[in-house]
Amino acid sequence: MKFGKMKPQRRNRLMIVGLVVLSAGAAVSLALTALNENINLFYSPEQIVRGEAPRNTLIRAGGMVVENSVKRSTTDLQVSFLVSDMAASEVMISYVGILPDLFREGQGVIARGVLNDQNVLIAEEVLAKHDETYMPPEIMQTLAESKAKAEKNGTSL
Amino acid sequence: MIAELGHFSLILALGLGVCLAVLPSIGVYRRHEGLMRLAGSLSAGLFVFLLISFSCLAYAFWDDDFSVAYVARNSNSALPLQFKLSAIWGAHEGSFLLWTLIMGGWTFAVSVFSGGLSVDMRARVLAIMGALSIGFMLFILLTSNPFDRILPVFPADGADLNPLLQDFGLIVHPPMLYMGYVGFAVPFAFAIATLTTGRLDAAWARWSRPWTNVAWAFLTVGITLGSWWAYYELGWGGWWFWDAVENASFMPWLIGTALIHSLAATEKRGVFKSWTVLLAIFAFSFSLLGAFLVRSGVLTSVHAFAVDPERGMFILAFLVLVIGGSLTLYAIKVSGIKSEAGFDWTARETMILANNLLLVTAAGAVLLGTLYPLIYEALTDGKKISVGPPYFNAVFVPLMLLLFAIMAVSPASRWKKTPRETLRRQFPALIGSLIVVASLVLAFATEVSVAVILIDTLALWIVANLVRDLWSKVANKVAKLPALFQQTMSYYGMLLGHLGIAVTIAGVCTTVYYTEEKDLRMAAGDVAELAGYEFRLNAMRQIKGPNYVADQGEVEVFQEGRSVVKLYPEKRFYAVSKNVMTEADIDPTLFRDLFVALGEPVGDDAWAVRIHYKPFVRWIWFGGLLIALGGFCTVLDRRYRAVKRSRQAAVTLGVAA
């Protein structure tokens, strides 16, 4: 069967199928490549302290902001603070910029950034959520795990 | 008492919803016209009782009835009246009641404006809408009743509405958005009704088109308003974040855009029949999926609705039922349908097909990115990830550029086959646009970007070809102005919609590439320079609002030594909810916004200050409104009224005979 002699309907259908397959293939490969380059894994303070988090890649880290740990520069908008899993582990986060309105000591935050050699997360974004009662699922899980661990070891929080 | 009345009305509405779903269906099955005709009055009853229920909740807010738990959580006696009333949809329970009310409204509207439908078809459509309402009403009554009381001890005053929501945006954004989401239930109901008859002809496309266009236009307005609101209210100067909840509204929009084009092809040419039905099913399914994502809390989002797994499960079950049921029906019924008409690759059908493929692929890519954190977590045993905006931009932008190129050529295309000569004539404007855009960029822009030139050229090309197409319709007429009036409203709707897209493209592209921003530490008297403007913080002072106190900055902006504007950004503290809120101040003009927001005090009387220069940012929303206007325009097309009139004429004739 020659292409040129096909019925117009059949030729159309073939064209449509070809278009669909091509565009779907292109889109899927495009999407998967882009996905692989742009996912940011979450690490708990404990994982970071134990050295399980990779350096020089964009990751997310979070926990409760430790009371009295927020230190500001007097010349620019540099600020650093500790986040904790409310058990043994704390990680320092350093950020230059404006913190969100709901950023407060004792509240949960998530930061996106790169770990340096001193295990300090150099953040490019700090998120605290709209709602007072809202807890990001990542932090909820971290806190639940550290609490469970503490109970198993017989130490209280 | 009033709250109980509201609750009771809702239960009555549920009863009517059940009747609406069941009785006309029996009527269809038994060929009993009386039962079929019940659909109209049942729809009216459903809507009236939902309206009563909603009004009762509104009254509870107006009356500061803090014994109603929902009112106590989301209002306060000091809250200004307009926010008390919009606080009705400020949180989960009430916003779902609004959603359900709107569902009732659409159902009622279909029953009123269905003059052209056969009794049988009307009964089927309304029964399906009734069945959907049952799901929504059960959801409210079982998992999220806004009328629950806190008795006997109730708070003396309410916990106040989240300050972020105390804004004009809350008054208009959710109702518009829900009109769009729920509006897609209409083409869905038409599609399912048509499937149940087994006669999938082009008629259903003609019935669905005006409804789909209106729902889609509302959704467009809703998304546009949401973007504008986020821009001025969140204090970051961003207008789109690829946040899960934004995506939840954007996916139905993309599918809906594919649907309105595909419906046109189905109506005019009888092609893509089964595909269009599938799109109608998906548009509404994506709306429901959006509701699930927003309210179940499975995804981290800036829209933190109070989340509840039980609610999530309910919507998920409903979603599975609706999607699963309709797709099963589709699979059974659609196999016998063939599109008869063939077409050339230059035909308008081909372009609509490409439009559909690109839009659906884009929606799929957005869906993948939105759900990927869930998939990843399931695959890797609990590892949490987030998918950042770079993913969405990388996938979405190339697809859209292709789409825009097709958009530029398509208005001049013809059904069946476009003469090659006509196609060829679309391209000189591309070169013209390139020259115009390139010289504008060279003349005005601070730096030359190939991407900006490319994308803005596409936008101008779209506009140039629209103008040419309109001109071609009147050029050979002697009376040019009357010829303009002879064009159909559908045609003008298309012009406006496409023009709106071009305006939005220009806005997005220029804003993204030429925005300048700085976060600074500033004390009174400090001056910062940005994009040729000087921002001077004159003073900081304390002010008092109706239900908040605020630190207010006075920032004077100078250009070449002349004072341009004084901006007053605020940092508000809402005493009742103990919330801190950034209130940015913006100097908007057609070609650029100056945006100043306060961060936090950083010691020694200094404040963190964020300043933005955002060129063309207004164009994004202006374009969005044009797109929506285009959607509304198409409904005024004489064709849809003509159907009704000829039917009325037929009825009159019947009476006379």
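The values are calculated or read from the model by the stated rules, or taken from the named source; none is laboratory data. Worth saying up front: this structure is predicted, and the values here are computed from it rather than measured. Cβ sites come from the backbone with ideal geometry, for glycine too, and all protein chains shown count toward neighbours.
Structure notes:
- Count of the range A:30-65 residues which are surrounded by fewer than 18 Cβ atoms within 10 Å (Cβ to Cβ) and away from chain B (no Cβ under 11 Å): 8
This table checks each residue for (1) outside the structural domain of B:Ile128 (by TED's automatic domain parsing); (2) part of a loop (DSSP other than H, G, I, E, B); (3) out of contact with any Phe, Trp or Tyr (no Cβ under 9 Å at 6 or more places or on another chain).
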position	(1), (2), (3)
B:Ala193	yes, no, no
B:Arg199	yes, yes, yes
B:Arg209	yes, no, no
B:Phe218	yes, no, no
B:Ile223	yes, no, no
B:Ser227	yes, no, no
B:Tyr231	yes, no, no
B:Trp239	yes, yes, no
B:Leu259	yes, no, no
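- Residue that is surrounded by the most Cβ atoms within 10 Å (Cβ to Cβ) [pool: residues in the range B:340-356 that are more than 7 Å from every other protein chain (Cβ to nearest Cβ) and part of a loop (DSSP other than H, G, I, E, B)]: B:Ala347
- Just one residue in the set B:Trp242, B:Trp211 is within 14 Å of another protein chain (Cβ to nearest Cβ) and within 18 Å of the chain's Cα centre (by Cα); that residue is B:Trp242.
- With respect to being touching a residue at least 60 places away in the same chain (Cβ under 8 Å) and surrounded by 19 or more Cβ atoms within 10 Å (Cβ to Cβ), B:Lys333 fits the description.
- For the range A:86-102, a residue qualifies if it is more than 14 Å from chain B (Cβ to nearest Cβ) and either in contact (Cβ under 8 Å) with a residue 60 or more places away in the chain or not hydroxyl-bearing (Ser, Thr, Tyr) (or both), and the qualifying residues are A:Met86, A:Ala87, A:Ala88, A:Glu90, A:Val91, A:Met92, A:Ile93.
- When the residues of the range B:74-97 are filtered to those that are assigned to a helix (DSSP H, G or I) and touching a Gly at 6+ places or on another chain (Cβ under 7 Å), the one that is farthest from B:Ala291 (Cα to Cα) is B:Asn74.
- Of everything listed in (1) of a type in the set (D, E, K, R); (2) closer than 23 Å to B:Trp229 by Cβ; (3) assigned to a strand (DSSP E or B); (4) touching a residue at least 60 places away in the same chain (Cβ under 8 Å), the single unmet condition for B:Glu600 is (4).
- Of residues in the range B:562-595 being in contact with a helix residue (DSSP H, G or I) (Cβ under 9 Å, 6 or more places away or on another chain) and part of a loop (DSSP other than H, G, I, E, B), the one farthest from B:Val512 (Cα to Cα): B:Ser577
- Unmet criterion (only one of (1) away from chain B (no Cβ under 12 Å); (2) crowded, with 21+ Cβ neighbours inside 10 Å; (3) assigned to a strand (DSSP E or B)) for A:Leu82: (2)
- All positions within the range B:19-65 that are of a type in the set (Phe, Trp, Tyr) and crowded, with 21+ Cβ neighbours inside 10 Å: B:Phe47, B:Phe49, B:Phe54, B:Phe61
- Test: residue in the range B:298-319 that is at pLDDT 90 or above, crowded, with 22+ Cβ neighbours inside 10 Å and in a helix (DSSP H, G or I): no
- Hits in the range A:66-79 - residues which are within 13 Å of another protein chain (Cβ to nearest Cβ), surrounded by fewer than 20 Cβ atoms within 10 Å (Cβ to Cβ) and of a type in the set (Val, Ile, Thr): A:Val70, A:Thr74, A:Thr75
- Of residues in the range B:571-601 being charged (D, E, K, R) and more than 12 Å from every other protein chain (Cβ to nearest Cβ), the one surrounded by the fewest Cβ atoms within 10 Å (Cβ to Cβ): B:Asp587
- Residue within the range B:246-255 that is more than 15 Å from the chain's Cα centre (by Cα), part of a helix (DSSP H, G or I) and buried (at least 24 other Cβ atoms within 10 Å of the Cβ) present: no
- Of all residues in the range B:449-505, exactly one satisfies the criterion of being under 19 Å from B:Phe591 (Cα atoms) and of a type in the set (D, E, K, R), namely B:Asp456.
- Selection count where residues are surrounded by 19 or more Cβ atoms within 10 Å (Cβ to Cβ) and part of a strand (DSSP E or B), scope the range A:93-113: 8
- Scanning the range B:357-403 for residues that are within 7 Å of another protein chain (Cβ to nearest Cβ) and not in a helix (DSSP H, G or I) gives B:Lys383, B:Lys384, B:Ile385, B:Ser386, B:Val387, B:Gly388.
- A residue that is charged (D, E, K, R), free of Cβ contacts under 8 Å to residues at least 12 places away in the same chain, assigned to a strand (DSSP E or B) and surrounded by fewer than 18 Cβ atoms within 10 Å (Cβ to Cβ) can be found somewhere in the range B:533-546.
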